[in-house]
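The structure is given below, and queries will be raised subsequently.
The values are calculated or read from the model by the stated rules, or taken from the named source; none is laboratory data. What you are looking at is a predicted structure, and each value in this text was computed from that prediction instead of being measured. Cβ: placed from backbone, ideal geometry, glycine included. Neighbour counts: every protein chain shown. Please note that ligands, DNA and RNA were not included when accessible areas were found on the heavy atoms of the full protein model with its side chains. Shrake-Rupley method; radii C 1.70, N 1.55, O 1.52, S 1.80 Å.
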Amino acid sequence: MRRDFITYCFGYLAALSLTGIAFACVFYRLLPPVQTFALVLVLALIQVIVHMRCFLHISLKRSARADLQLILFSAMIILLMVGGTLVVLFNLSARMM
Amino acid sequence: MTFWHILLGRLTWDSLVFVEAWRNPTISEIIGGLAGGVAVLGAALLFGLITILGRWRYLWTVWLTSLDHKKIGIMYMVFAVIMLCRALIEAVLMRTQQAIAINNPGLVAPDHFAQLFSTHGTIMVFFVGMPLLTGLMNFVMPLQIGSRDVAFPYMNSISLWLTVGGGIMMMASLVVGKFSTGGWSGYPPYTELAFNGGVGPDYWIWAVSLSSLGAMMTGINFAVTVYKFRSPGMRWMRLPLFTWTTLCTAILMIFAMPPLTVATLLLAADRYLGMHFFTNDLGGNVMNFVNLFWLFGHPEVYILILPAFGVYSEVVSAFSSKELYGYTSLVIATMVIAILSFTVWLHHFFTMGQSAGVNSFFGIATMLIGIPTGVKIYDWIWTMFWGEVRFSTSMLFSIAFMITFVIGGMTGIILATPPLDYLVHNTLFLVAHFHNMLIPGTLYGVIAGYYYWFPKAFGFRLSEKWGRIAFVCWVPGFYLAFMPLYVMGASGVARRTQELFDPALRPWVIAAEIGALLLLAGLASLFIQLYVSIRQRHTTRVPVGDPWDARGLEWSMSAPPPEYNFAVIPQVSRRDPFHWQKINNGAYKPADHYRDIEVPKNSMCGVLIGLGMTACFTGLVWHMWWLAVCGFTFSLGTAIARSFMRDVRRTIPAAEVEAQHRRWLETTAAALPIPRHLEMTPENEGLAKWQG
Ligand code: HEM
Ligand SMILES: [Cu+2]
């Protein structure tokens, strides 16, 4: 119970600050655009992991193995769909030039 | 803004097909008016009949509000069959048009013809194929894994009623307004406001959205059920093959429906909010829609075909009295197909401008799917080899499937070769190809499964004679209707063509017409089969529940099954558990002790949410904004109210469970065990004499 509470608090704060940093970078223009974009992406990825770990309780423990499998599977499908879409559309766009 | 305008939005007298047919009585309009009339009369007749017979109460309390997966499954199928009647009649009308319209305008005007292929395609995919298979999976899968229901019975009911709501919208489009003329794929920019200001594309967008929401929820429901609700000992590699295909289908539904919903909603944003996602101007890009649509579209065809693969696996094994050959390879093949189906979507637009490199990649990926599919075909053939094969209706359809599907696969390889696709894309060759996959791959599978599991669902067998008559219509009917299309397509006839100009095509279109009529006769024979079987039910009862000497857990209880499926949850120790129970004399035994069983209470919330969303989307189609807001608020309110209800389960006391179970065991003890060659005779009471 207490452990859970601490995890949730930690997750909440982490998520909040990760979001905050991203917004701050854009708002105060701390970095040039390309670097900002990269940073926001990285922060978003970290945030995904925080959510999974703290809120969805995904871990490498045996009991959570099935969940982990499902997440990896989803990640693969999303990678296929998003990656494929990017390849196709950039290809089309290049040929329109 | 007058009051009427706010109340009715775009709806006027002229939107009624009857008014249109009255003003402008061409044959095409009169056909439209007649179709609308049939829809209205049919609905009125149905309502009237139920009222006269005083069956509303029964219907509402026993069926419509039920959360029992078996009843929901059956309702899915009844709904789909109604839609199938319409879509098949439309198909015959299109064929008749092409048979007549060689150098003359024929029966239906171009715009009407376009509505016909758009509704036919949309209905067949979203409101026939998917609900038929969802119904079958709903009924069978929980029984096969030894579960008492699906994971989320209430969500199951919502899925059903969202899908039915989409069907209601499709039917409404027969009577008020016109449906889209943009085909089942609804490509913009043609479906954008600039070219299509009417209600047609909106009907398509919202009907399809309802269906895809329902399907996605079904996917989640089934996947969780297979993951979490298997009975003890039912390990992964002990699952029946139909359950495997259900799981893979469910996963496809989860991942394939969202791209479609995104595509239709973005198109709606273009049409309603003045956005420019897919318009020709202001930075819109049509290819985004095409890409999203086929990200959904290709997995969709596997949603339509995988469950049928599962049915064939069960049927071939049961009617050959043999263990499924190559179980592991079938499981792996199913998974490989499911994953590969996410890597090939581009073969639907080879000709839309990508480089040769991209096209070759997707062409090769497409051809790869042939390998696991081939593995399956061989596995089924080896299952029959040296088995005690009985040529029941299910088995006949399965064999017809294997041969026909392979032919379709071959033409698929042709289409997967980009240079060849450049020649035949968008011709009748393609139309022939996909019907060649979908009719054996979906409809034959559903018919085979229907015949196979019907005795389980209703307690009596279907007429074998009429099953065979249906077979003789469906199989030659298919070949006659679609083989000519290969020829016409290869000689360059475009698909979606309302009028033809080459008299040399006449023999082919007439053959195709006869084929389509045969297919219609096939559907009629299925209805006659049902009628005759109900009349003869006293001679075909199988109360013991195992008429085919089959192998899965779904055969281990009475027919029809009790509401809670299993008096005691079975303990599984190997594959084909019921078969081994029978051999080791473990079947038909009373339990040591029985427990109370909790089942979900009926709930009207599913119906209300479904109908509320239908009202909302209908309001959006007609720009009746008040209706849209009310419908949505109503659905949301119902969902919230339901989440506060605590008393949603009902307990069936152990004593009652025990009494029912013992009564069934007595029936079993009194029944005569039947050897397999007598299973079509009245002696078959559902108890098999197993010879090991
Ligand atoms: C049972 C007998 C069937 C017949 C006689 C039939 C006939 C037809 C005809 C004549 C067309 C129009 C072809 C053209 O473009 O010129 C068509 C299109 C189509 N059919 Fe069928 N069909 C049948 C079953 C099915 C089934 C079972 C499905 C799917 C599950 C299906 C899905 C489609 C689709 C998606 C289209 C394309 C619609 C479009 O062009 O947007 N059909 N069919
Ligand atoms: Cu495809």
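Past the 38 angstrom mark, what percentage of all C-alpha to C-alpha distances in the protein assembly as shown do you count?
43
Under a point spin-label approximation (7 Å from Cα along Cα-to-Cβ), what is the B:Asp647-B:Asp14 distance to one decimal in nm?
Distance between the two pseudo-spin positions: 5.6 nm.
Still on this structure, please answer the following. Determine which lysines satisfy two conditions relative to B:Lys689: a Cα distance under 19 Å, and not lying fewer than 8 residues away in the same chain.
Counting by Cα, and skipping residues close in sequence, B:Lys689 has these lysines nearby: B:Lys322, B:Lys456, B:Lys582, B:Lys589.
Right, here's the next one. Please label the shape of chain A as rounded, prolate or oblate, based on the square roots a ≥ b ≥ c of the eigenvalues of the alpha-carbon gyration tensor (a/c under 1.5 means rounded; beyond that, a/b larger than b/c means prolate, else oblate).
oblate
Let me check I have the definition right: for region B:521-625, take the eigenvalues of the Cα gyration tensor, multiply each by 5, take square roots. What are those semi-axes in whole Å, largest first?
Over the Cα atoms of region B:521-625, the ellipsoid semi-axes are 39, 25, 14 Å.
Roll a 1.4 Å probe over the protein heavy atoms and report the accessible area of A:Cys9 in Å², nearest 10.
Surface open to solvent at A:Cys9 totals about 60 Å².
When only C-alpha pairs under 8 Å and at least 6 residues apart count, what is the relative contact order of region B:290-449, in percent?
Normalised by residue count, the contact order of region B:290-449 is 35 percent.
Where the convex hull is taken over the Cα atoms of region B:354-402, what is its projected area averaged over directions, in nm²?
Reported value for the Cα convex hull: 4.4 nm².
Could you report the buried accessible area between A and B, both sides summed, computed with a 1.4 Å probe and given in Å² to the nearest 100?
For chain A against chain B, roughly 1600 Å² becomes buried.
Let me ask something else. Which GluC sites (Glu not before Pro) from region B:260-338 combine a DSSP loop assignment with at most 15 other Cβ atoms within 10 Å?
B:Glu323
On alpha-carbon atoms, Rg over Rh for region B:42-182 using Kirkwood Rh?
Value, to two decimals: 1.07.
A follow-up question, please. Are there chymotrypsin sites (Phe, Trp or Tyr not before Pro) in region B:386-422 that DSSP puts in a loop and that have at most 13 other Cβ atoms within 10 Å, and which ones?
B:Trp386, B:Phe391
Right, something else. Is any residue of region B:135-149 close enough, with backbone N under 16 Å, to a label point placed 7 angstrom from the Cα of B:Ile569 along the Cα-Cβ axis, and if so, which?
Within reach of a label on B:Ile569, which here means backbone N under 16 Å from a point 7 Å along Cα→Cβ, region B:135-149 contributes B:142-149.
If you roll a 1.4 Å probe over region A:1-57 with all protein chains in place, what percent of the accessible area is carbon or sulfur?
Carbon and sulfur together cover 79 percent of it.
Okay, next question. At each listed q (0.14, 0.16, 0.26, 0.29 Å⁻¹), what is the log10 of I(q)/I(0) that the Debye formula gives for region B:211-270 modelled as equal alpha-carbon point scatterers?
With no solvent term, the Cα-only Debye profile gives -0.46, -0.55, -1.00, -1.12.
Please work out the FRET efficiency for the pair B:Leu193 and B:Ile6, using the Cβ-Cβ distance as r and a Förster radius of 22 Å; give the result to the nearest 0.05.
FRET efficiency, B:Leu193 to B:Ile6: 0.55.
Using a 1.4 angstrom probe on heavy atoms only, work out the carbon and sulfur share of the accessible area of chain B in %.
In chain B, the share of accessible area belonging to carbon and sulfur is 71 percent.
Follow-up. Output needed: percent of Cα pairs per 5 Å distance bin for region A:1-57, bins running from 0 to the one holding the longest distance.
4, 20, 25, 18, 13, 9, 7, 3, 1
Here is a follow-up. Show log10 I(q)/I(0) for chain B at q = 0.05, 0.10 Å⁻¹, two decimals, from a solvent-free Debye sum over equal Cα scatterers.
-0.24, -0.99
Could you state the angle between the C-alpha long axis of helix B:506-535 and the longest principal axis of the C-alpha atoms of chain B, as a value from 0 to 90 degrees rounded to the nearest 10?
40
Something else now. Considering only protein heavy atoms, what is the solvent-accessible area of A:Thr19 at a probe of 1.4 Å, reported in Å² to the nearest 10?
50
Which value, in Å² rounded to 10, gives the accessible area of B:His435 with a 1.4 Å probe and all protein chains present?
Probe radius 1.4 Å; accessible area of B:His435 about 30 Å².
Taking the Cα atoms only, what angle lies between the long axis of helix B:356-368 and the longest principal axis of chain B, rounded to 10 degrees?
30
Determine the calculated [θ] at 222 nm for the protein assembly as shown from helices alone, applying -39500 (n - 2.57) to every DSSP H run no shorter than 4 residues and normalising by the residue count; nearest 500 deg cm²/dmol.
-22000 deg cm²/dmol
How much length, in nm to one decimal, is gained on full extension between B:Lys465 and B:Arg235, taken as 0.36 nm per residue of separation minus their Cα-Cα distance?
78.9 nm
Now for a separate question. Let me check something: with ligands and nucleic acids excluded, how do B:His623, B:His120, B:His593, B:His5 order by accessible area (1.4 Å probe), largest to smallest?
So, going from the largest accessible area down, we get B:His593, B:His5, B:His623, B:His120.
Picking from B:Ala223, B:Ala490, B:Val311, whose Cα lies most toward the positive end of the charge dipole for the protein assembly as shown (charges on Cβ: Lys, Arg +1; Asp, Glu -1)?
Ranked along the dipole, the leading option is B:Ala223.
What distance in nm separates the simple spin-label points at B:Glu683 and B:Ile371, each placed 7 Å from Cα in the Cβ direction?
For the pair B:Glu683/B:Ile371, the computed spacing is 5.0 nm.
In terms of Cα to Cα distance under 18 Å, which lysines are near enough to B:Lys601, apart from those fewer than 8 places away along the same chain?
B:Lys70, B:Lys71
Let me ask something additional. Taking only complete DSSP H runs, can you tell me which helices of chain A stretch 30 Å or more along their own long axis by Cα positions and average at least 0.0 on the Kyte-Doolittle scale?
Membrane-span-like by this criterion, though nothing is claimed about a membrane: A:2-28, A:65-96.
Helix B:241-273 against the longest principal axis of chain B: what's the angle in degrees, Cα atoms only, rounded to the nearest 10?
Value to nearest ten degrees: 20.
Quote the relative contact order of chain B in percent (integer), defining contacts as alpha-carbon pairs under 8 Å separated by 6+ residues.
Normalised by residue count, the contact order of chain B is 17 percent.
May I pose another question? Can you compute the modelled spin-label distance between A:Thr19 and B:Ala490, with each label point 7 Å from Cα toward Cβ, in nm?
Each label point lies 7 Å from its Cα, and together they span 6.1 nm.
Taking accessible area as the heavy-atom solvent-accessible surface of the protein chains with a 1.4 Å probe, which residues of region A:68-96 lose no less than 30 Å² upon going from the isolated chain to the full protein assembly?
Residues passing the criterion (a loss of at least 30 Å², heavy atoms only) are A:Leu70, A:Phe73, A:Ile77, A:Leu80, A:Met81, A:Thr85, A:Val88, A:Leu89, A:Asn91, A:Leu92, A:Arg95.
Put B:Met237, A:Met1, B:Met217 in order of accessible area, largest first, 1.4 Å probe: what do you get?
A:Met1, B:Met237, B:Met217
In percent, what relative contact order does chain A have, based on Cα pairs under 8 Å that are 6 or more apart in sequence?
That works out to 24 percent.
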